[in-house]
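The values are calculated or read from the model by the stated rules, or taken from the named source; none is laboratory data. Treat the numbers as computed from the prediction; the structure is a model and nothing was measured. We place every Cβ from the backbone using ideal geometry, glycine too, and count neighbours over all the protein chains shown. Surface areas here come from the heavy atoms of the whole protein model, side chains and all, with no ligands, DNA or RNA. Shrake-Rupley method; radii C 1.70, N 1.55, O 1.52, S 1.80 Å.
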There are 6 protein chains.
Amino acid sequence: MNAHFSHRDEHIDDNMIKMEVNLDDMSPEWLGFLLDKLLAKGANDVFYIPIYMKKNRPGVLLQLLCSSEKLNEIKSIIFSETTTLGIRYSPIHVHRLERRFRKIETPWGPVTLKEGLHNGAIVQAAPEYDDCKRLAEKANIPLKHVFQFVWKEIPNYS
Amino acid sequence: MNAHFSHRDEHIDDNMIKMEVNLDDMSPEWLGFLLDKLLAKGANDVFYIPIYMKKNRPGVLLQLLCSSEKLNEIKSIIFSETTTLGIRYSPIHVHRLERRFRKIETPWGPVTLKEGLHNGAIVQAAPEYDDCKRLAEKANIPLKHVFQFVWKEIPNYS
Amino acid sequence: MNAHFSHRDEHIDDNMIKMEVNLDDMSPEWLGFLLDKLLAKGANDVFYIPIYMKKNRPGVLLQLLCSSEKLNEIKSIIFSETTTLGIRYSPIHVHRLERRFRKIETPWGPVTLKEGLHNGAIVQAAPEYDDCKRLAEKANIPLKHVFQFVWKEIPNYS
Amino acid sequence: MNAHFSHRDEHIDDNMIKMEVNLDDMSPEWLGFLLDKLLAKGANDVFYIPIYMKKNRPGVLLQLLCSSEKLNEIKSIIFSETTTLGIRYSPIHVHRLERRFRKIETPWGPVTLKEGLHNGAIVQAAPEYDDCKRLAEKANIPLKHVFQFVWKEIPNYS
Amino acid sequence: MNAHFSHRDEHIDDNMIKMEVNLDDMSPEWLGFLLDKLLAKGANDVFYIPIYMKKNRPGVLLQLLCSSEKLNEIKSIIFSETTTLGIRYSPIHVHRLERRFRKIETPWGPVTLKEGLHNGAIVQAAPEYDDCKRLAEKANIPLKHVFQFVWKEIPNYS
Amino acid sequence: MNAHFSHRDEHIDDNMIKMEVNLDDMSPEWLGFLLDKLLAKGANDVFYIPIYMKKNRPGVLLQLLCSSEKLNEIKSIIFSETTTLGIRYSPIHVHRLERRFRKIETPWGPVTLKEGLHNGAIVQAAPEYDDCKRLAEKANIPLKHVFQFVWKEIPNYS
């Protein structure tokens, strides 16, 4: 194995905040914009859940994680970009695997394989999406061809 | 059985239109308003589906039924009350059961039981929600107490 | 600006409880009733999430907020009105903006504009839905006409 | 009443953990498998929520409860069976009703009725699904016939 | 390639019916039962969509396909097992690929690989879920180990 | 009004096809890629719906529109990029409004306002999202500031 970059050791992060905001009077156009902005500003795991709110409103729940150091910055972005008058949050633990990255050669160019280790053993191995996307677009082939090629390089577990 | 009002015979309606509209830039507040307005104007089975649209937009699909005679009126309401530039529609068949209504006495007042008949046999029997709601609120008891009382009056099928 | 009622200052409420209940054997009719009842009894942010449960059940997750003083009362309503045998809950922080209300005159009558302030600056400004709804129904015009009229009264941020 | 098995007293369990995992690169086939496996291994209330993730991904949020003693075992199953590199969790309180079970005779065989008690009063009473399913399949009748028969045995609350 | 069973040629089926039913007063327990029963009776592609219905009801839309010969039989099942008073349907075209099946040997036993052909070329290749599930359970290994082993046997497209 | 480009007259397009595909064994990563590819190839209104499928699978329904001339090309993309063995489709009518575009000057640059006309009257008027996004990012201001500025330029309806 030619691991060329060791990301971080497996660890439990006790310094994270889970944030939640209900949105019932805001255009989905703005929500798409907000998701990318929050990720760019350092929030993690930003996503929306469709929810059923009062007065027959098909609303949306924004959820995200951020480190406690970023709490106030992320709050300000949410108040600026959304229509909400309130933000809910609470501390949360995050168990993160050790991550390793290695290159796989394909007929269309190299792809990074991301591996996750739990107690020192590889439990995850997945091609990086952005690499596969770039190669598929450049070679004008289906995305699944690139993924399926890389899958053959995942070592057997048995 | 004391049926006191026979609604309509079982039939297949070949004169209905199914309408669909994607909405990705409209407040859920307006959607709640629209749902009630469309029902008041004679549309049937008006509802929303949460959908995943381009540019990370958590949008909504409006779907409804209307008779072909009401097609243009319903279209005009949708163009007036939503932000859409397009409405999709196609004909659809609707098989409707024969409906019968009868009164059930409860300790809190009478409730209508709605029955549905398929090929002459009762296959559906359900208390009318609005009746049960009114009694539960008036008597200040849980809604399920009213429903569960009425359920005892549904005849056994065996 | 003619603010005529200052609601409350911006604050962080550390006395709130987030409650969650899974429901997999209960009619959506009862769920609609429950949502309004919980709001009437003082719960905040009551809503449903569609969830995928065991045995192919398209269930629903009820979520709400309440102050810790109301914990037992809200629990009793949930046990009375739903079919659940268990309720989950945990404390949560809520950051709420300062709120101000002012009147906007429109051709169809007055509408309240609700403003939200973060660190003393206006970051939110939205017409009150119930006012707009009442005027639209009375004047028999699209709801969006009322909103769009009021939007012109929101001061520019630049 | 012929209660023949008293499950447990009403109590608040302060020893539970709520776990959450975002999944954006995993087949729904595997998710179906995982749900059953987690339940078999002692997790409670395992379910999925549809979520909107970055890059237009219609992902899924896995949520479950487990006792703190099972935390590490459940984590290992999730890392083994999913593609995730991180698991989020936090403590949660669970208020559980007292449960009682009794047999109801029906024309197709016996069905267990599960009752839930809050402060000593019966607030829940529901037929066990697995019993009803078995009888409906054996007798080749609609499932609702079995439920509706058992409902008549639920005592009135008034 | 050792194809040992040729399923059917690629074709367009113009004899199919798409059926839709809104359900707003029915327990998710019954819905889980219904899904399996409809599949057992010959319906195809049976599934549920979460929908927002009037009066704040988090309802469900049942959708399925069936051949026009089975129309009346499937209708009767739906009227018997659900609470609905109406069923909507319309004709639909279905383009189906040619299917081939072949066996892949794994360390835990054989797995069927299902291939799909479009204009004579293999465009789909996927392990049969039920095979992988059985082997994973028997060998007490993660399901993904079985899938990932079989994936290596999918021929390259380049 | 300085309309400088008249898009197309209001019309009903009877040449469109609605396509639907169920996906229960495909990574959400691939689905995000597919959505953009289908739009780039000329499909309209491409979106996903979360659905509940057999064996507890939280699947996804792909839906899109295309002109009948593009039917075969779009089918081929779907077979190449997804894992499906079948595609469903049926004809659909689309009523499209007349569209007009005009420029609005803002403190941060020009924004296109898109208007929709029904029977010759303006019923829709909305800022183009991509313009607003570009200006908000360049000026480093909230997206809603740009929208709210443009909203003031929408003419009153009364």
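When F:Gly116, F:Gly59 are checked against the criterion of being open to solvent by less than 20 Å² (accessible area, probe 1.4 Å) and either more than 14 Å from chain D (Cβ to nearest Cβ) or basic (Lys, Arg) (or both), F:Gly116 stands alone in meeting it.
Restrict the check to the range A:83-100 and report whether at least one residue is within 14 Å of chain B (Cβ to nearest Cβ) and polar (S, T, N, Q). Taking every residue of the range A:83-100 in turn, at least one turns out to be within 14 Å of chain B (Cβ to nearest Cβ) and polar (S, T, N, Q). For the range B:27-44, the set of residues classified as without any contact (Cβ under 8 Å) to a residue 12 or more places away in the chain and part of a loop (DSSP other than H, G, I, E, B) consists of B:Ser27 only. When B:Arg88, B:Arg102 are checked against the criterion of being buried (at least 18 other Cβ atoms within 10 Å of the Cβ), in contact with a His (Cβ under 9 Å, 6 or more places away or on another chain) and basic (Lys, Arg), a single residue qualifies: B:Arg88. Among residues of the range A:8-26 that are over 24 Å from A:Tyr48 (Cα atoms), those with a beta-carbon under 8 Å from a residue that is part of a loop (DSSP other than H, G, I, E, B) at least six positions away or on a different chain give the pairs A:Glu10/A:Leu97; A:Glu10/A:Asn119. The condition of being more than 18 Å from the chain's Cα centre (by Cα) and modelled with pLDDT of 95 or more holds for E:Val60. One residue alone among D:Leu97, D:Leu71, D:Leu85 is modelled with pLDDT of 95 or more, under 18 Å from the mean Cα position of the chain (by Cα) and among the hydrophobic types (A, V, I, L, M, F, W, C), and that residue is D:Leu97.
When the criteria are applied in full, D:Ile78 meets the requirement of being surrounded by 20 or more Cβ atoms within 10 Å (Cβ to Cβ) and of a type outside the set (S, T, N, Q). Quick one: would you say E:Ile104 is at pLDDT 95 or above and over 17 Å from the mean Cα position of the chain (by Cα)? Criteria met by E:Ile104. The residues in the range A:80-123 that are among the β-branched types (Val, Ile, Thr), in contact with a helix residue (DSSP H, G or I) (Cβ under 9 Å, 6 or more places away or on another chain) and over 30 Å from C:Leu117 (Cα atoms) can be counted, and the count is 5. The residues listed here are A:Glu98, A:Glu137, A:Glu128; of these, the one that is farther than 20 Å from F:Met26 by Cα and among the acidic types (Asp, Glu) is A:Glu98. Considering (1) of a type outside the set (Asp, Glu); (2) free of Cβ contacts under 8 Å to residues at least 12 places away in the same chain; (3) assigned by TED's automatic domain parsing to the domain that holds F:Ile74, the lone condition that F:Ser90 does not fulfil carries the number (2). Close contacts from the range D:119-148, counting a first residue that is over 26 Å from C:Glu81 (Cβ atoms) and a second that is open to solvent by 20 Å² or more (accessible area, probe 1.4 Å) and assigned to a helix (DSSP H, G or I), with Cβ to Cβ under 6 Å and a gap of 6+ residues or different chains, come to D:Pro142/E:Ser80. Scanning the range F:35-50 for residues that are more than 9 Å from chain D (Cβ to nearest Cβ) and either in contact with a Pro (Cβ under 7 Å, 6 or more places away or on another chain) or not acidic (Asp, Glu) (or both) yields F:Lys37, F:Leu38, F:Leu39, F:Ala40, F:Lys41, F:Gly42, F:Ala43, F:Asn44, F:Val46, F:Phe47. Checking each residue in the range B:127-147 for being open to solvent by less than 30 Å² (accessible area, probe 1.4 Å) and touching a strand residue (DSSP E or B) at 6+ places or on another chain (Cβ under 8 Å) picks out B:Pro127, B:Asp131, B:Cys132, B:Leu135, B:Val146, B:Phe147. I'd like to know if the range E:34-46 contains one or more residues that are farther than 16 Å from E:Ile87 by Cα, open to solvent by 10 Å² or more (accessible area, probe 1.4 Å) and among the small types (Gly, Ala, Ser). Looking for residues that are farther than 16 Å from E:Ile87 by Cα, open to solvent by 10 Å² or more (accessible area, probe 1.4 Å) and among the small types (Gly, Ala, Ser), one finds at least one in the range E:34-46, hence yes.
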